[in-house]
Amino acid sequence: MKFKVLRDFKGAPNGCVVVDYKKGDEVDLTDSLAEVALAEKWVARIKESKSTKAVAALQEELALLEAEYKTAPEAEKPGIKAALEAKQAEMLALPTS
């Protein structure tokens, strides 16, 4: 989950390496660090928009189709290519903001 840093703080997301988080940054945090940072009001959750989620889902589908295309027998490639092109068209049709 993404968070907006509200004030500078240091944290160790993996329990070992200390990271400097700066006010204004958008960051991913581990669950345990997020729990502390939220309680201390060092960060706020960033709500993902539906379009952001849709883009992420389409990117994942495209990556899977591309991997499938690379290993597919020649006879199956035209169908996979058509599916790839359809997903790319969906991506282009999404709102940009």
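The values are calculated or read from the model by the stated rules, or taken from the named source; none is laboratory data. Fair warning: this is a prediction, and the values are worked out from it, not measured in the lab. Cβ placement follows ideal geometry from the backbone for every residue including glycine, while neighbour counts extend to all protein chains displayed.
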- Of the criteria (1) within 30 Å of L92 (Cα to Cα); (2) over 13 Å from the mean Cα position of the chain (by Cα); (3) not charged (D, E, K, R), which one A56 fails: (2)
- Task: Could you figure out which of (1) in contact (Cβ under 8 Å) with a residue 40 or more places away in the chain; (2) not in a helix (DSSP H, G or I) isn't true of P13?
- Result: (1)
- Task: Output the residue which, of all residues in region 36-47 that are at pLDDT below 95 and loosely packed, with under 13 Cβ neighbours inside 10 Å, is nearest to K4 (Cα to Cα).
- Result: R45
- Task: Please enumerate the residues belonging to region 1-10 that are assigned to a loop (DSSP other than H, G, I, E, B) and either of a type in the set (S, T, Y) or modelled with pLDDT of 95 or more (or both).
- Result: L6, R7, D8
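For V5, state whether it is within 20 Å of the chain's Cα centre (by Cα), within 30 Å of L92 (Cβ to Cβ) and among the β-branched types (V, I, T). Reasoning before the result, please.
On the way: within 20 Å of the chain's Cα centre (by Cα): yes; within 30 Å of L92 (Cβ to Cβ): no; among the β-branched types (V, I, T): yes.
Answer is no for this residue.
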- Message: List the helices (runs of 4 or more DSSP H) inside region 30-97, counting only whole elements, that have at least 2 residues being under 30 Å from D8 (Cα atoms) and touching a strand residue (DSSP E or B) at 6+ places or on another chain (Cβ under 6 Å).
- Response: 31-39
- Count of residues meeting criterion [of a type in the set (K, R) and loosely packed, with under 11 Cβ neighbours inside 10 Å] in region 53-97: 2
- Query: Quick one: A54 ticks every box in (1) in contact (Cβ under 8 Å) with a residue 24 or more places away in the chain; (2) over 30 Å from V5 (Cα atoms) bar one, so which box is it?
  - Reply: (2)
